[in-house]
Every structure is written in structure tokens, then in C-alpha cells.
Amino acid sequence: MAIASPPVPVQEDLNPFHIAKQQFETAAAKLNLEPGLRAMLSSPRRCLVLSLPIRMDDGTIKVFDGYRVQHNVARGPGKGGIRYHPGVTLDEVKALASWMTWKCATVNIPLGGAKGGIICDPHKLSKGELERLTRRYAAEISVIIGPDRDIPAPDVYTDGQIMAWIMDTFSMMAGGSAPAVVTGKPIFLGGSLGRNEATARGCVFVIREACREKNINLKHSTVSIQGFGNAGSIAADLLYHEGAKVIAVSDSKSGVMNQRGLDVPALLKHKQKTGSVAGFPGSEPIDNAKVLEAECDILIPAALENQITAANADRIKAKIVAEAANGPTTPAADQILHKKGVMVLPDILANAGGVTVSYFEWVQDLAADFWDEDVVNKKLEKVMVRSFNDVLAMATTHNVDMRTGAFILAIDRVAVATRTRGVWP
Ligand code: GLU
């Protein structure tokens, strides 16, 4: 008799754009969206693919690949960050652009979805090379961006300085001053108070609401954070000051753990001084898997895509997963976590604080009228709490997880706008 061979493990499709489409289709099916509209909303409206020749410091010319994708602009100008990373691909940028569409709609701000990226390792470029690369990219995308067209912002490994160069390049080419063409700018160039902390602050607001829902006392909770960049490090600091115990964190180089809770302010200083969390006094070193699988109440993936997959979802012990990163959880992992009763606060809700305060920055720039930080933070809190409740209500009504709930809410809003505007011509 033939012996049945063991089942071949099904390889998960980790292409971010395929994942984004799958998330879209799952929710669109619940909405009974008409096929034409479904096709319109599942693909990006426009993809700009660029070759960027840059003169390096040694006199040679190097050519970088760059992208700007506009997914949907039915509810307002495109909005979304620019990523500088060696792992950037067109499909990743397409996924990130579509998540921006759904993110802006989830929190109900009048903006569409876009994203940009350059395949590069900015840590290996000199400041001059980084500036020339940024200005060349800004000039190339100037044909599709603008305060009423598409408004870039920071994302992984880009910052206020890079936004300032984009703003300057665009303004020089336009022969004027256009601060509203990018957000996440330095405060003295028309940036908004609170923007730098907004992604983390927004994430903490929805964590607070989720804790209430799950009967977890945030002040006595334990937290593990993967990623110690803008979102992860500031979330650690905010949660530490809320009284939560941050027991584990990692950055791209290494991870550290202390079951009794890390001294986050000291850790921030250590990272600033040494460039990494590694070797932080009073902590033990741990690897990436241990950070994700740590025994804790709240897990915050704050790095890159595809960190929680079918391969490790079963070992996640947190009760709440708050996605400060974009796309950290795959659809297969979502199912496993949902079955386990883990509440996943999806990226398009959990990290929407960043784009929400970007929206506030754009409004302030257009009005040339700037708000106090407590006004910004109060407005952000209102948006995040309302959106959490909207998503929870949708998830409950349709008996689905929070991600599908958020997608249903967002797709419905974008569908109404697209349908009402009609198809041109
Ligand atoms: N890059 C951030 C995000 O993924 C912010 C985008 C923005 O502010 O436009 O949401």
C-alpha cells in the first residue's frame, strides 16, 4: 500500500500588493461592491517609475530606481510618505499607496492614497548624495505632486530634512513658496507641532481604547515593541509615561529585554549615543522572534511588512497587536490571531495618527495659521477615538476582525465618493 506523503506546507504569498488586494477583496465581498467599482478601487490609478542618476561624491554616476504611486484620489489629493530602503519594490509602493487610501478613509480625513519610494540605503549615502538624490526625485515627481494633487510625507528612513529639500525643490521650480506640498516638515518651515510624535501618539490612543474593550489596565500592562524608529521609540516613551511596562524592544540591529520593565528614557539616550539598543545596561539581549513572541499584553510591530505570518502567529502571546508599522501581519496570520481571540488593531487605524496630523499640517499651511500643540493633540485624540469606535462597530456588525471592519468602513466611504463623482469622461 502506498504511504501518503506528508502534506507540503503551503508557501504564503508575501507580495505586499497581493496581500493588500486580498484584504480589499475580503471586505469588498462583504459590501457587495459592484464589479466595475471593485476593479477601479483594487488597482492604483497612476504609477510613476523613475531612474534617478546621481553624481556621487567620488565623481561617478549611480542610477537609483524610484517610484511614486497614486492609488485613489476620489476623496481628496493623494497623501502618503516616501520610503528610502534597499527593499523597496514597485509592488510594495503600490500596496502602501492603497493602504493610505483606506487609512485616510478610516479616519475620515479628506485625502486620497499615495506613496513613494527609492531603492537605496540612505545610511550609506553622504549628506550631499542624499540631498542630490532627494532633489532629483522631487523634480521628477513634481509633475504629479502639489498641494492640491498629492502631498508626500516621511516614511521609513526619511525625515524633516528630506521633506525640506522636497519643499524647496518644488518651490524653486514653481517660482514661489509651497509649504503645503509636503508634510512632516521642520516646525520653522511650516511643520505642525505634534507631527513628529503623531504616529505613536495616535497608536497609544487606540491602544488605550482597546485596553478598555479587553479589560486590560494600561497602567499595569506589559508591552513588547519591534522597531525603534520614529513610531516604535516614541510609542515606548509614551507608554512608559502612562505607567505601562515596556519589557522588550528591538531595532534593525538587535533586541533587548527586561521582564521588570526597561527604563525607556535611559534606553532612548543609549540609542541616541550608540546608534542601537544593543548593550543597554540592565537588559538581556534577545532576537527578533523573542520580541514578537514575548509574554506580554500588547505587542507593537513598528518596523516593516510581513513580520507576523502563518509561521509564527500561533506563538504570539499578546492580547492586543497594535500595528504601528504598515502591513506587519499577513492575512493567514490574521486568521490565526482572530481565532485565538487576539485583537489586532490594523495599520490603517493604529498608525493613522501620522497622516491625521499631516492633514492638520496641510490645513495650517494652507491657512497660514498655526495651532498650539495641545490643540493638535486634542484634535488627534478625537479622530483616533472616534475611528476606533467606528471600526469596532463595523467589525461587530459584520462579525469580522478589526482589519476587515476597518476595510469595510473605508471602502464604503471611498466607494460612495467614487460612485458619486462618476467615471470621467
Ligand atoms: N508614512 C506615514 C504613513 O504610512 C505618514 C503618511 C503621511 O503623513 O502622509 O501613514
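The numbers here are math on the coordinates, done by the rules we state, and not lab data. As the structure is a prediction and not an experimental result, all values here were calculated from the model. Every residue, glycine as well, gets a Cβ built from its backbone with ideal geometry; the counts of neighbours run over all protein chains shown.
Label-to-label distance, Asp372 versus Asp148, with points set 7 angstrom from Cα along the beta-carbon direction: 3.4 nm.
Compactness check for segment 1-130: Cα Rg over 2.2 N^0.38 Å is 1.39. Taking Cα centre as origin and charging only the Cβ of basic (Lys, Arg, +1) and acidic (Asp, Glu, -1) residues, the dipole magnitude of the chain rounds to 460 debye. Computed per residue of the chain from DSSP H runs no shorter than four, each worth -39500 (n - 2.57), the mean residue ellipticity at 222 nm is -14500 deg cm²/dmol. Remark on Gly78: its backbone amide H falls under 5 Å from those of Gly112, Asp150, Ile151, a criterion applied only to residues 5 or more positions apart or on other chains, H modelled at 1.01 Å from N.
The Cα atoms of segment 192-302 give a gyration tensor whose axes a ≥ b ≥ c have a/c of 1.5 or more with a/b no greater than b/c, which makes the shape oblate.
For segment 410-416, the Karplus equation 6.51 cos²θ - 1.76 cosθ + 1.60, evaluated at θ = phi - 60°, returns couplings of 5, 4, 4, 5, 5, 5, 4 Hz by residue, with Gly and Pro reported as x.
Expressed as a whole percent, the proportion of Cα-Cα pairs in segment 273-315 lying more than 12 Å apart is 70%.
The charge dipole of segment 196-271, taken about the Cα centre with unit charges on the Cβ atoms of Lys, Arg (+1) and Asp, Glu (-1), comes to about 140 debye, rounded to the nearest 20. Taking the inverse of the mean 1/r over every pair of distinct Cα atoms in segment 251-339 gives a Kirkwood hydrodynamic radius of 13.9 Å. Once backbone amide H atoms are built at 1.01 Å from N, Gly255 has Ile286 as its partners under 5 Å, excluding neighbours fewer than 5 places away on the same chain.
Given their separation in residues at 0.36 nm each and the Cα-Cα distance between them, Arg212 and Arg421 gain 71.3 nm when the chain is fully extended.
Taken as Cα centroids, segment 327-373 and segment 204-275 sit 18 Å apart, rounded to the nearest whole angstrom. For Leu345, the residues whose modelled amide H falls within less than 5 Å of its own, excluding neighbours fewer than 5 places apart on the same chain, are Val321, Ala322, Glu323. For the peptides 367-374, 227-234, 307-314, 33-40, the ranking by mean Cβ contacts within 10 Å, running from highest to lowest, is 227-234, 307-314, 33-40, 367-374. What FRET efficiency do you get for Arg55 and Lys253 if R0 is 35 Å and r is their Cβ-Cβ distance, rounded to the nearest 0.05? After rounding to 0.05, the efficiency reads 0.70. Three semi-axes describe the equivalent ellipsoid of segment 338-425; taken as square roots of 5 times the Cα gyration tensor eigenvalues and ordered largest first, they are 27, 21, 9 Å.
Short-range pairs are left out: with C-alpha atoms under 8 Å and at least six residues apart, the relative contact order of the chain is 17 percent.
Taking other residues whose beta carbon is less than 11 angstrom from the beta carbon of Val204, and scoring Lys, Arg as +1 and Asp, Glu as -1, yields -3. Protection proxy ranking, highest mean first, for peptides 52-61, 386-395: 386-395, 52-61, where packing is the per-residue count of other beta-carbon atoms within 10 Å, averaged. Of the trypsin sites (Lys or Arg not before Pro) found in segment 160-263, the ones in coil according to DSSP and having at most 15 other Cβ atoms within 10 Å of their Cβ are Lys214, Lys253, Arg260. Compactness of the chain, taken as the C-alpha radius of gyration over 2.2 N^0.38 Å, stands at 0.96. Counting 0.36 nm for each residue step from Glu295 to Ser276 and taking away their Cα separation leaves a gain of 4.5 nm.
Over all directions, the projected convex hull of the C-alpha atoms in segment 51-196 averages 8.5 nm² in area.
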